[in-house]
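A.B. asks: So that we are looking at the same thing, I have put the structure below in structure tokens.
Laboratory data are not the source of any read-out in this text; all were calculated from the coordinates shown. Bear in mind the structure is a predicted one, so any value in this text is a computation, not a measurement. Methodologically, a virtual Cβ is constructed for each residue, glycine included, from the backbone with ideal geometry; neighbour enumeration extends over all protein chains shown.
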Amino acid sequence: MADDLGDEWWENQPAGAASSPEASEGGGEDTEVMQQETVPVPAPAKKTKQPKECFLIQPRGKKEDSTKTRKRRKKKITDVLAKSEPKPGTPADLQQLMKDYYSSSRSVIELEELNLPDSCFLKANDLTHSLSSYLKEICPKWVKLRKNHSEKKSILMLIICSSAIRALELIRSMTAFRGDSKVMKLFAKHIKVQEQVKLLEKRVVHLGVGTPGRIKELIKQGGLNLNPLKFLVFDWNWRDQKLRRMMDIPEIRKEVFELLEMGVLSLCKSESLKLGLF
């Protein structure tokens, strides 16, 4: 009888129904799962390549140049002199340089003592003279003066310049003035100071041309006596390849002022020595 009831229940079930209540309860879930699995999944869209950022790389040289141009370039004495017109030196120029040099180390009274009277200065070169013509103008009685000079270890006229090469140029350019005068090279290049001391002791010298550093050394070693000196001429207006004058070079300027303090200033104040700016 149980089998008959089962058959009747099965026959009475609609088509497509589950075989048991448990099956009918889980059938909905299965159909849902099947429906989900049968839904077509859209194909993933192709990834579009994003444009990469482009950076321009500057060459290193140009970058360095641009940084260099930004820096403020310090003016050199060559740049200043190149733009300035050549002007002849004056005694006031020398006086002002002395004040500027000693202003940080001297008192007001000591600076006043450095002032030289106008009477100790010779006429300055106006840039129209050669060395011979200038020396003839400032010392018209040179022939007589040198004939009366017989003292050794001394000179009558001293010409101070910035280098040995310039000293040789000056010696060659003063031929018309010096005549038979004895001229001595007073610089350090290829000449030992002891050799110069011996030469000054052996013979009478009328003219000396050289650098302030070597002249200072000769005075220190007793090889050169400044008392008989009558003329001291600075090669003031000449300029080297860098357009520097003698007093524009710090080392030369320092040695010049040290030389002036080694008896030159006192001789100028006593009016036994004259200063010239060539």
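A.B. asks: Between SER130 and VAL204, what length in nm is gained on full extension when 0.36 nm per residue of separation is reduced by their alpha carbon distance?
C.D. replies: Values: separation 74, 0.36 × 74 = 26.64 nm, distance 2.62 nm.
My answer for the length gained is 24.0 nm.
A.B. asks: While we're here: Please go through segment 137-221 and write out the chymotrypsin sites (Phe, Trp or Tyr not before Pro) that DSSP classes as loop and that have at most 11 other C-beta atoms within 10 Å.
C.D. replies: Counting only loop positions with at most 11 other Cβ atoms within 10 Å, none of the chymotrypsin sites (Phe, Trp or Tyr not before Pro) in segment 137-221 qualifies.
A.B. asks: Compute the length gained on full extension between TYR102 and ASP240: take 0.36 nm times their separation in residues and subtract their Cα-Cα distance, giving the result in nm to one decimal.
C.D. replies: Answer, rounded to one decimal: 47.1 nm.
A.B. asks: One-quarter of the Cα convex hull surface for segment 161-278, in nm²?
C.D. replies: Mean orientational projected area (segment 161-278, Cα hull): 7.4 nm².
A.B. asks: Next question, about the same structure. Net charge near ASP126, counting Lys/Arg +1 and Asp/Glu -1 over other residues with Cβ under 13 Å of its Cβ?
C.D. replies: +1
A.B. asks: With a sphere of radius 12 Å drawn around the Cβ of THR90, what net charge do the other residues whose Cβ falls strictly inside it have (Lys, Arg +1; Asp, Glu -1)? Please report the intermediate quantities before stating the final value.
C.D. replies: Values: positive: LYS87, LYS123; negative: ASP93, ASP118, ASP126.
For residues surrounding THR90, the net value is -1.
A.B. asks: Mind checking segment 115-152 for trypsin sites (Lys or Arg not before Pro) that DSSP puts in a loop (not H, G, I, E or B) and that have at most 10 other Cβ atoms within 10 Å?
C.D. replies: LYS141
A.B. asks: For the charge dipole of segment 72-217, defined by +1 on Lys and Arg C-beta atoms and -1 on Asp and Glu C-beta atoms about the Cα centroid, which residue among TYR102, SER150, LEU127 has the Cα displaced farthest towards the positive pole?
C.D. replies: SER150
A.B. asks: If R0 is 25 Å, what FRET efficiency do you get for LYS87 and ALA176 from their C-beta distance, rounded to 0.05?
C.D. replies: Values: r = 26 Å, r/R0 = 1.05.
Taking R0 as 25 Å, the efficiency between LYS87 and ALA176 is 0.40.
A.B. asks: Oh, and also: Give a quick list of GluC sites (Glu not before Pro) in segment 112-213 that DSSP marks as loop, anything other than H, G, I, E or B, with at most 16 other Cβ atoms within 10 Å.
C.D. replies: Of the GluC sites (Glu not before Pro), the ones in loops of segment 112-213 whose Cβ has at most 16 other Cβ atoms within 10 Å are GLU151.
A.B. asks: Rounded, prolate or oblate for segment 84-143? Axes are the square roots of the Cα gyration tensor eigenvalues, ordered a ≥ b ≥ c, and the cut-off for rounded is a/c under 1.5.
C.D. replies: On the way: a/c = 3.98, a/b = 1.82, b/c = 2.19.
It comes out oblate by the Cα gyration axes.
A.B. asks: Okay, moving on. Can you find, among TRP236, VAL205, ASN225, the residue sitting farthest towards the positive end of the charge dipole of segment 190-278, where Lys and Arg contribute +1 and Asp and Glu -1 at Cβ?
C.D. replies: Comparing the listed Cα positions along the dipole, VAL205 ranks first.
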